[in-house]
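The values are calculated or read from the model by the stated rules, or taken from the named source; none is laboratory data. Values in this document were obtained by computation on a predicted structure and should not be read as measured data. Here the Cβ positions follow ideal geometry from the backbone for every residue, glycine too, while neighbour counts run over all protein chains shown. The protein model used for the area step is the full one, side chains on, heavy atoms only, and it has no ligands, DNA or RNA in it. Shrake-Rupley method; radii C 1.70, N 1.55, O 1.52, S 1.80 Å.
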Amino acid sequence: MKIAAGVEYDGARYCGWQIQKHATSVQECVESALSAVADHPLAVTCAGRTDAGVHALHQVIHFESEAARPLHAWVLGANTHLPADVSLTWAKSVPADFHARYTATSRVYQYLILNRPARPGLDQARVTWECRPLDAEKMARAALSLIGEHDFTSYRATSCQAKSPVRNVMSLSVERRNEQVLIIIEANAFLHHMVRNIAGVLMAIGMGKQAPGWEREVLAAQSRERGGVTAAPDGLYLVGVNYPEKYGIPAPD
């Protein structure tokens, strides 16, 4: 049986989603918990491998098991074995052709910036703090230049292993909510550090370090050396993964 599930996690103390030899990963925790419920080793595949310190409200995974368990037992059982900062939120049976990564039509990330003189107390590691004033309207106008299908070489990490730097950004918005500035981006797929590099460019424009239009110059350069500072991972959240309706995957709220 193939099962899809939703995973929510605070990535602050993890080396990222993917299993690493040197540190604890979210994938390691999830596989260990589900294997305990199935009573045999399980491997899981995710929709998008998040980096160290990045959070998720709606990560989607799939796994296969011959163990006969009610769907709610996968959720409740796994959560008894998971640490407090990782949780399965739902599970459902899916057809054999479902793949958490390859059948996804888009992913949605949010980047949350606390924009005030005082550093965060309660939200440390859950927001990116910027003490200098940000012009969210100027950032929003700059963001429009990055919508569409482009070569995002300038906006990906030099270590990125993707075969193609071309991605289709379906929407990219910036809005201020009191002391917070929120960047929301949806694309068919993302390159390594792509969202954080976009956030870094928009923040540089928002605080006046760079002039409007710099985002287009960076894009056209097709060189990471022209891309500016990579924003911190603390404020980055995977908030949604979308699939064709036929699979019945719960939509993000």
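Quick notes on this one:
- Applying a threshold of 9 Å to beta carbon distances and a minimum spacing of six or more residues, or different chains, the list of pairs starting in region 82-95 at a residue that is without any contact (Cβ under 8 Å) to a residue 12 or more places away in the chain and ending at one that is charged (D, E, K, R) and surrounded by 15 or more Cβ atoms within 10 Å (Cβ to Cβ) reads 84/10.
- Count of residues meeting criterion [open to solvent by 10 Å² or more (accessible area, probe 1.4 Å) and among the small types (Gly, Ala, Ser)] in region 54-67: 1
- Residues that are surrounded by fewer than 15 Cβ atoms within 10 Å (Cβ to Cβ) and touching a strand residue (DSSP E or B) at 6+ places or on another chain (Cβ under 8 Å), drawn from region 174-184: 175, 179
- Residue list for region 50-79, restricted to those being assigned to a helix (DSSP H, G or I) and more than 25 Å from the chain's Cα centre (by Cα): 71, 72, 73, 77
- Enumeration of residues in region 102-142 that are small (Gly, Ala, Ser) and under 26 Å from residue 11 (Cα atoms): 104, 106, 118, 121, 125
- Condition check for residue 127: within 20 Å of the chain's Cα centre (by Cα) and touching a residue at least 24 places away in the same chain (Cβ under 8 Å): yes
- Members of region 208-242 that are more than 16 Å from the chain's Cα centre (by Cα), part of a loop (DSSP other than H, G, I, E, B) and either among the acidic types (Asp, Glu) or under 24 Å from residue 54 (Cα atoms) (or both): 227, 228, 229
- Applying a threshold of 6 Å to beta carbon distances and a minimum spacing of six or more residues, or different chains, the list of pairs starting in region 239-252 at a residue that is on the phi < 0 side of the Ramachandran plot and ending at one that is surrounded by 13 or more Cβ atoms within 10 Å (Cβ to Cβ) and small (Gly, Ala, Ser) reads 241/47; 241/104; 242/106; 243/104; 252/240.
- A single member of 206, 200, 213 is crowded, with 22+ Cβ neighbours inside 10 Å and not aromatic (Phe, Trp, Tyr), and it is 206.
- Region 52-84, residues that are touching a helix residue (DSSP H, G or I) at 6+ places or on another chain (Cβ under 9 Å) and of a type in the set (Asp, Glu): 66
- Of all residues making up region 48-80, the number that are under 17 Å from residue 106 (Cβ atoms) and polar (S, T, N, Q): 2
- The set of residues in region 1-49 that are under 15 Å from the mean Cα position of the chain (by Cα), assigned to a helix (DSSP H, G or I) and of a type outside the set (S, T, N, Q) contains only 26.
- Which listed residue, of 164, 87, 171, 145, is in contact with an Asp or Glu (Cβ under 6 Å, 6 or more places away or on another chain) and more than 19 Å from residue 236 (Cα to Cα): 145
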